[in-house]
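The next block holds one structure in the form of structure tokens; read it before the comments.
The values are calculated or read from the model by the stated rules, or taken from the named source; none is laboratory data. What you are looking at is a predicted structure, and each value in this text was computed from that prediction instead of being measured. Remember, those area values only see protein heavy atoms, side chains included, never the ligands or the DNA or RNA. Shrake-Rupley method; radii C 1.70, N 1.55, O 1.52, S 1.80 Å.
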Amino acid sequence: MDRIRIRGGRPLEGRIPIGGAKNAALPLMAAALLTDETLTLENLPFLADITTLSHLLVQHGVSITMTGASSAAETGHTLAISAKHIVSMTAPYDLVRKMRASVLVLGPLLARCGAAKVSLPGGCAIGTRPIDLHIAGLERLGATIELANGYVHAHAPKGLVGAEIVFAKPSVGATENLMMAASLADGETVLVNAAREPEVADLARCLNAMGGHVTGAGSDRIAVSGVSRLHGARHRVIPDRIEAGTYVIAAAITGGTIDLVGANIRDIAAVARILEEAGVVVSEAADCLRVTRANGRLIGVDVMTEPFPGFPTDLQAQIMAAMATASGAAMITETIFENRFMHVPELCRMGANINVHGASAMVRGVPELTGAQVMATDLRASVSLVLAGLAAKGETIVNRVYHLDRGYERLEEKLAACGANIERLVDGG
Ligand code: EPZ
């Protein structure tokens with residue numbers, strides 16, 4: 001298995017292009033199932049999760065053709081996805097268990113074909129990750145759902161019927177699944193207590209480009225007027241706010257200045273606020289976000305993860321790495337997932353002083369971390385170890401970087417271009 005070797009201590013200086021958002025691209029790809037015409041998605045990143053979902057769609061009978069970058073100046077590539085002939089309505093366990101976002105095919109398959117058999121995703125490293133909100137919402141739209149042998153068996157032979165759906169808590173995936181299903185339902189659907197993430201709004205824009213009628217996305221109340229069919233469209237994926245936030249924190253932890261090309265400050269406003277309190281300046285320049293750490297050490301700042309527009313859970317591990325080197329203490333509270341502190345013991349092996357008490361971690365900043373062999377456990381935990389390695393004295397080896405490849409395109413290349421001493425050690429040659 002590949003590893004990444006980092007020799008830390010260098011401030012980062014340079015420009016980093018921000019790619020298309022993984023967590024927007026995945027539901028957008030699933031939306032292609034809603035029409036028999038071609039959905040063309042631009043600015044997609046090269047990521048393992050995108051490849052995994054492509055494999056799943058192909059086994060449903062979808063044809064996918066990739067073309068190069070959307071234009072010479074840009075990164076990202078274009079996928080033309082055509083679900084003209086759906087040959088299977090089953091999303092098998094061996095693919096769904098690899099990536100739980102596969103459950104996003106449930107709503108579109110049910111709406112388009114009247115039936116779907118989708119493996120329950122099961123838990124993952126960061127939590128049990130149930131899909132009860134997805135299932136309850138589909139039942140509200142008139143589907144009959146049976147859970148048997150580890151699968152969701154959903155049927156709506158006469159089609160789905162619009163309804164009001166009140167989510168017990170905001171769920172990004174459930175909001176996306178239900179928005180897609182409701183787009184082909186008969187009548188009006190209202191999603192109350194919906195997730196407000198930018199990726200939800202991006203999906204709504206795409207559904208509307210396909211002939212759908214979705215309003216209110218980005219707020220906690222989304223209205224969908226169902227249509228009889230959706231047509232093809234061309235849609236450009238929004239920039240990845242979690243990738244952008246990760247590199248903002250990379251500048252913070254190394255004490256450098258990075259220009260993030262293509263990042264959207266509105267999508268990381270909560271992150272910018274926390275970092276400004278910690279002594280980092282985030283400003284908008286002509287074609288980028290400029291992030292620079294003012295003189296001296298970071299200042300410890302308390303952080304609580306919340307649904308958008310709050311501080312994102314997907315940046316909790318990264319901000320913890322930065323707070324581990326700050327002056328003073330930071331209480332970091334994870335309110336979204338029940339087991340998202342697996343980076344803590346690995347950061348402690350690098351000299352961090354962190355104590356976990358239930359959903360909170362008390363981080364007492366130390367003047368310097370020291371390099372070590374560390375183990376990646378999940379996507380965002382692994383990148384927090386890379387960030388710690390960039391600041392640490394000496395050499396850090398991050399093992400199991402396949403976690404990283406799920407969500408970060410060309411990470412070591414982008415960091416090396418800003419002066420980081422970082423390289424991938426390909427195992428077994
Ligand atoms: C999406 O996951 C993201 N993944 C996650 O990013 C992100 O951490 C999460 O939203 C929260 O922002 C994609 O978009 C592909 P949720 P999702 O449904 O949709 C509970 C990454 O690193 N819940 O908003 O699965 C759930 O257990 C990944 O890129 C239920 O109880 O998250 C969690 O505690 C990790 N029942 C909370 O709600 C349900 O039916 C929020 O989950 C669904 C969710």
(message) Can you sort VAL87, VAL281, VAL62 by solvent-accessible area, 1.4 Å probe, largest first?
(response) VAL87, VAL281, VAL62
(message) Nearest 5 percent is fine: what portion of the DSSP beta bridges confined to the range 143-257 is antiparallel?
(response) 70 percent
(request) Heads up, I need the accessible area for GLU146: 1.4 angstrom probe, whole protein in place, Å², nearest 10. (result) 110 Å²
(message) Once you order the gyration tensor axes a ≥ b ≥ c over the Cα atoms, which shape class does the range 110-175 get: rounded for a/c under 1.5, otherwise prolate or oblate by comparing a/b with b/c?
(response) oblate
(message) Along its three principal axes, how long is the range 44-124 when you only count alpha carbons? Whole Å, largest extent first please.
(response) 41, 32, 17
(message) Please report the accessible area of PHE311 (heavy atoms, 1.4 Å probe, ligands and nucleic acids excluded) in Å², nearest 10.
(response) 10 Å²
(request) Note down the Stokes-Einstein diffusion coefficient of the chain in µm²/s, whole number, using a Kirkwood radius over alpha carbon pairs, 20 °C, and 1.002 mPa s. (result) 98 µm²/s
(request) Indicate the gyration tensor shape class of the range 380-429 (rounded, prolate or oblate), computed on the Cα atoms with a ≥ b ≥ c the square roots of the eigenvalues: a/c under 1.5 is rounded; otherwise a/b larger than b/c is prolate and the rest oblate. (result) rounded
(request) Report, in deg cm²/dmol and to the nearest 500, the calculated mean residue ellipticity at 222 nm for the chain, where each DSSP H run with n ≥ 4 adds -39500 (n - 2.57) and the sum is divided by the residue count. (result) -8500 deg cm²/dmol
(message) Can you give me the solvent accessible area of LYS22 with a 1.4 Å probe, rounded to the nearest 10 Å²?
(response) 20 Å²
(request) State whether the range 257-412 is rounded, prolate or oblate according to the following rule on the C-alpha gyration tensor (a ≥ b ≥ c being the square roots of its eigenvalues): a/c under 1.5 gives rounded; otherwise a/b larger than b/c gives prolate, and the remaining case gives oblate. (result) rounded
(request) Could you work out how far the C-alpha centroid of the range 290-334 sits from that of the range 198-259, in angstrom? (result) 24 Å
(message) How much of the DSSP bridge set in the range 279-372 is antiparallel, in percent, rounded to the nearest 5?
(response) 80 percent
(message) Give the lysines reachable from LYS98 as a straight Cα distance under 21 Å; neighbours fewer than 8 places away on the same chain don't count.
(response) LYS22, LYS117
(request) Determine the percent antiparallel among the DSSP beta bridges restricted to the chain, to the nearest 5. (result) 70 percent
